[in-house]
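First comes the structure, then the notes that go with it.
The values are calculated or read from the model by the stated rules, or taken from the named source; none is laboratory data. Since we're looking at a predicted model, the values are computed, not measured. Note that each Cβ is placed from the backbone with ideal geometry, even for glycine, and that neighbours are counted across all protein chains shown. What goes into the accessible areas is simple: the full protein's heavy atoms, side chains included, and nothing from ligands, DNA or RNA. Shrake-Rupley method; radii C 1.70, N 1.55, O 1.52, S 1.80 Å.
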Amino acid sequence: MRGFILAAGFGTRMRPLTNHIPKALVPVCGRPLLDHALQFIAASGIREIGVNAHYMPEQMNEYCMSTQYPFDLFVESGEIRGTGGAFDNARTFLQGDQSFLMLNVDIVCKFDLQAAIKDFERSDALCTLIAFPCSYGKGTILFDSLTKKYIGTPADTPHCPHGAKEAAFIGAALYKKEFLDLVTTDDFSIVPVWKRATELGVTVSVSVQEQGYWRDIGTIKALADVQREFLSGTLSLDLPDNYYFDKGKKSVYPLLCKDHVEESLTSSWVGTTLFKGASITSSIIWPGTDVREMNIINKLYTHFGALEIS
């Protein structure tokens, strides 16, 4: 199986951060979103990984040359083409194995991917959508509770069939290479292709993960929330090298600061050397950021300036 990470989007919901950096390279818990996605895929045993890019491709190419998780970069030119365009542009790569995983870059997730892959490869489905139970509000996809077959989205299925259940599609899906025959050069969204497949009698299934974690990191608030969940112990992620997790203060900071950290550091992720007398609460400071403020509450400090976070 091969893996492919969808990372070509503009990241408009993360502006103004994404005025300066691709969404895929925005740090979450000290590492770029793309790094989390690559590690998650590689941990399942997938070694051939592709990533698409469109916005700020120079930064993506620079990252590609330095990451510890090798991948092939597919730069899309002209107008952005969406998920369907990613399928079409990387068709040769995706056909290089019997099946492949598609994963959105703007999520952080932890679930048993290996088990999902084994179930998919034993099934007759050409596509399996990975979902979680609905935790907040309504789901984004519908499936048959008995057969686990995909029915549609709530938007395109106004009359919910008997036995249908809702789930939250997380932006991860497994495909057999034959599914590519259904994707045309005109497809932008992949959702109509799922519908086309079901209308042709092709099995599209839904795999609901009852255990695990996932969060969409599409906004600056979500970025802050995921780091708060790590600091509170809800989420477990590998720390970057040379960082220390102080569970008492619910804070992460450079290991060099361990012996002289200020008592006023609370529920924060600090990526730079701490400065004497500063009070930092519920804030995120990126590495290498020059911070002169002495009382920092609910702020995200980056190389591009400071933002309020709620």
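Observations
- Under the simplified labelling scheme, the Ala43-Phe304 pair shows an inter-label distance of 2.8 nm, with each label point 7 Å from Cα along Cα→Cβ.
- Computed from the C-beta positions of Asn295 and Thr273 and an R0 of 25 Å, the FRET efficiency is 0.90 to the nearest 0.05.
- With the simple spin-label model, which puts each label point 7 Å out from Cα in the Cβ direction, the Thr234 to Asp72 separation comes to 3.8 nm.
- Every helix of 4 or more DSSP H residues in the chain counts as -39500 (n - 2.57), and over all residues that averages to -6000 deg cm²/dmol at 222 nm.
- Calculated FRET efficiency for the pair Lys221/Asp181, C-beta based, R₀ 41 Å, to 0.05: 0.55
- Value of relative contact order over the chain, rounded to a whole percent, pairs C-alpha under 8 Å and six or more apart: 16 percent
- Expressed as a whole percent, the accessible area of the chain that falls on carbon and sulfur atoms is 50 (1.4 Å probe).
- With a cut-off of 15 Å between beta carbons, the residues surrounding Glu79 carry a summed charge of -3, where Lys and Arg count +1 and Asp and Glu -1.
- DSSP H segments from the chain that extend 24 Å or more along their own axis, Cα-based, with Kyte-Doolittle mean of -0.5 or above: none
- Calculated FRET efficiency for the pair Phe10/Phe188, C-beta based, R₀ 22 Å, to 0.05: 0.95
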